[in-house]
Amino acid sequence: MESKGLLVVLSGPSGVGKGTVRQALFEKDHDREQFFYSVSATTRQAREGEVHGKDYFFVSKEEFEQMIENEELLEYAQYVDNYYGTPLAYIEEMTLKGKDVFLEIEVQGALQVKRRMPDGVFIFLAPPNMGELESRIVNRGTDAPEVIEQRMTKAREELQLMTQYDYVVENDDVDAAVERIQTIIKAEHLKVERFMDDLVGNYLQ
């Protein structure tokens with residue numbers, strides 16, 4: 001008796017470490033066959049070391065707006081003058097195969113996903129405190145001071161929305177955050193409602 005794969009949405013403020021935690025989680029997926037990462041599309045420029053099709057699909061504004069028009073996105077958001085969005089087809093294909101698909105997206109997009117796919121697992125990754133969050137953003141060395149201030153203002157607003165999520169995981173330590181997320185996923189796979197079709201078909205006839 002196996003449940004359908006989970007849609008796991010890992011979200012939180014810019015700079016909180018979503019990518020680092022997600023990568024560490026995937027490295028602990030020893031069989032490399034359970035967890036799949038849904039690559040987002042974005043109109044922002046690639047940072048050093050980022051690879052098209054692996055980290056993001058880097059597209060033009062015109063291409064992104066065509067995807068919106070064609071309803072090819074599960075969600076999309078405009079954040080600090082750039083679009084970000086989640087292609088839909090891949091998620092549907094993998095969860096039907098029993099695989100867990102991870103979205104690593106901004107808060108605005110996560111809440112759009114929750115409205116469309118409320119049976120997903122929504123995890124808010126929180127910083128230990130705002131001072132630590134600002135240090136992480138500054139230490140990335142990718143943003144001008146005015147952009148950093150924009151990100152901090154946005155982060156304060158987003159922290160007020162954590163009540164819209166199923167779980168909150170503090171990213172005080174990457175390994176500890178990964179263990180907490182693994183515990184959440186194991187518990188979610190055992191929820192009765194995820195087995196209802198099998199229960200009806202195999203036990204209740």
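The values are calculated or read from the model by the stated rules, or taken from the named source; none is laboratory data. Owing to the predicted nature of the structure, the values given are computational and were not obtained by experimental measurement. FYI the Cβ positions are ideal-geometry reconstructions off the backbone, even for glycines, and counts take in every protein chain you see. Just so you know, the surface numbers come from the protein's heavy atoms only, side chains and all, with ligands and any DNA or RNA stripped out. Shrake-Rupley method; radii C 1.70, N 1.55, O 1.52, S 1.80 Å.
Roughly what angle does helix 130-140 make with the longest principal axis of the chain, taking Cα atoms, 0 to 90 degrees, to the nearest 10?
70
Leaving ligands, DNA and RNA out of it, report the carbon-plus-sulfur percent of the accessible area of the chain at a 1.4 Å probe.
48
Excluding same-chain pairs closer than 8 in sequence, count the lysine pairs in the chain whose Cα atoms lie under 17 Å apart.
11
When the Karplus curve 6.51 cos²θ - 1.76 cosθ + 1.60 is applied with θ = phi - 60°, which whole-Hz ³J(HN,Hα) does each residue of the stretch 115-127 get, with x for Gly and Pro?
After applying 6.51 cos²θ - 1.76 cosθ + 1.60, I find 5, 8, 9, x, 7, x, 10, 10, 10, 9, 8, 10, x Hz.
Over the chain, average the accessible area per residue using a 1.4 Å probe and give it in Å², no decimals.
55
What net charge is computed for the residues neighbouring P118, neighbours being all others with C-beta under 14 Å from the C-beta of P118, Lys and Arg scored +1, Asp and Glu -1?
Counting the neighbours of P118, the net charge comes to 0.
Divide by every residue of the chain the summed helix terms, -39500 (n - 2.57) for each DSSP H run of at least 4, and state the resulting mean residue ellipticity at 222 nm, rounded to the nearest 500 deg cm²/dmol.
Result for the chain: -12500 deg cm²/dmol, rounded to the nearest 500.
Calculate the dipole size of the chain relative to its Cα centre from +1 charges on Lys and Arg beta carbons and -1 charges on Asp and Glu beta carbons; express the result in debye to the nearest 20.
Result for the chain is approximately 240 debye, rounded to the nearest 20.
Using alpha carbons only, how many degrees (0 to 90, rounded to 10) separate the axis of helix 18-27 from the longest principal axis of the chain?
Once rounded, the angle reads 40 degrees.
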